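Structure below; questions to follow.
The values are calculated or read from the model by the stated rules, or taken from the named source; none is laboratory data. Values in this document were obtained by computation on a predicted structure and should not be read as measured data. Reconstructed Cβ throughout: ideal geometry from the backbone, glycine too, with neighbour counts over all protein chains shown.
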Amino acid sequence: MERDIAYKLTQELDQEIHSERQVVYILVELRKLLEKKGLLDNERYRALKLCCDWAVHPKLTFASAQAITALFDRYESAYRREPVGVSQAGIPELVEFCEHSRFCGQFIDACGAIGISAAAVANDDWWRSFLRRFSEVVRDCPLEAKAQNTTYVTRVTASAIDPTSVGILYKQFAISWQWECRDRDTLGSMVSLF
């Protein structure tokens, strides 16, 4: 069974990414193999597990989603003290999450751990296409915080947008991150460019 899943996953990774369906299939199969090998709950794959779960659940309230929502809450708290951009706020974990660099690194590492090639994932064009479709998959799947776990942020969402819509002409696509706060009506927002 594991060999069959690994074979199918390898075949899918060798394809260009054109659809949300491919992204969901890849993440589900990767998650199955990690679970089979007892690696799914390994701390070193936390961002990868979160993204695998995010692709298939309409709402995430698991511990990993709480951790990400808590990062946005830390940023919101810092911003209220001194209005700075995410990169300047001193929260590298949030930057790595929003840029999906941690997701990519853990994806590559997990492929190695389960014995399949990560060459496609390491290819910048493939990864950008994968991320674009991934952001479309999770567009309507919020990360939600329980009220007692955060000071301000109650919900985080992500969606793919055209970078020209925010005045950027030299990037292929962007992800808009928005978060709701319990004490105001306006959304917090930032954009990751790819």
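Go through (1) buried (at least 19 other Cβ atoms within 10 Å of the Cβ); (2) over 24 Å from Phe173 (Cβ atoms) for Ala78 and report which single condition fails.
So the condition that Ala78 fails would be (1).
In the list Leu27, Leu39, Leu50, which residue meets the criterion of being part of a loop (DSSP other than H, G, I, E, B) and under 30 Å from Thr150 (Cα atoms)? Full working, then the answer.
Numbers: Leu27 fails: part of a loop (DSSP other than H, G, I, E, B); Leu50 fails: part of a loop (DSSP other than H, G, I, E, B).
Residue meeting the stated conditions: Leu39.
Taking only pairs six or more apart or across chains, which ones have beta-carbon atoms under 9 Å, a first residue in segment 105-131 that is at positive phi, and a second residue that is surrounded by fewer than 20 Cβ atoms within 10 Å (Cβ to Cβ)?
That search, which allows pairs on different chains as well, returns Gly115/Ala6.
Of everything in segment 1-27, what is surrounded by 15 or more Cβ atoms within 10 Å (Cβ to Cβ) and touching a residue at least 24 places away in the same chain (Cβ under 8 Å)? Give them in sequence order.
Across segment 1-27, the qualifying residues are Ile5, Ala6, Leu9, Thr10, Leu13, Ile17, Glu20, Gln22, Val23, Val24, Ile26, Leu27.
Okay, moving on. Based on this model, can you work out whether Ile114 counts as among the aliphatic types (A, V, I, L, M) and either modelled with pLDDT under 95 or touching an Asp or Glu at 6+ places or on another chain (Cβ under 6 Å) (or both)? I'd like the intermediate steps shown before the answer.
On the way: among the aliphatic types (A, V, I, L, M): yes; either modelled with pLDDT under 95 or touching an Asp or Glu at 6+ places or on another chain (Cβ under 6 Å) (or both): yes.
Considered against the rule, which asks whether it is among the aliphatic types (A, V, I, L, M) and either modelled with pLDDT under 95 or touching an Asp or Glu at 6+ places or on another chain (Cβ under 6 Å) (or both), Ile114 comes out as yes.
Could you list, in sequence order, all residues of segment 82-112 that are surrounded by 18 or more Cβ atoms within 10 Å (Cβ to Cβ) and either in contact with a strand residue (DSSP E or B) (Cβ under 6 Å, 6 or more places away or on another chain) or among the hydroxyl-bearing types (Ser, Thr, Tyr) (or both)?
Val86, Cys98
Based on what the data block shows, is Tyr45 closer than 18 Å to Asn149 by Cα, in a helix (DSSP H, G or I) and out of contact with any strand residue (DSSP E or B) (no Cβ under 7 Å at 6 or more places or on another chain)? So that I can check it myself, show each step before the final result.
On the way: closer than 18 Å to Asn149 by Cα: no; in a helix (DSSP H, G or I): yes; out of contact with any strand residue (DSSP E or B) (no Cβ under 7 Å at 6 or more places or on another chain): yes.
The answer is no for Tyr45.
Let me ask something additional. Just to be sure, is Ala89 modelled with pLDDT of 90 or more, small (Gly, Ala, Ser) and more than 30 Å from Ile5 (Cα to Cα)? I'd like the intermediate steps shown before the answer.
Details: modelled with pLDDT of 90 or more: yes; small (Gly, Ala, Ser): yes; more than 30 Å from Ile5 (Cα to Cα): yes.
Answer is yes for this residue.
With respect to Asp125, determine if the residue is modelled with pLDDT of 95 or more, of a type in the set (Asp, Glu) and within 30 Å of Glu2 (Cα to Cα).
No; evaluated as a whole, the condition is false for this residue.
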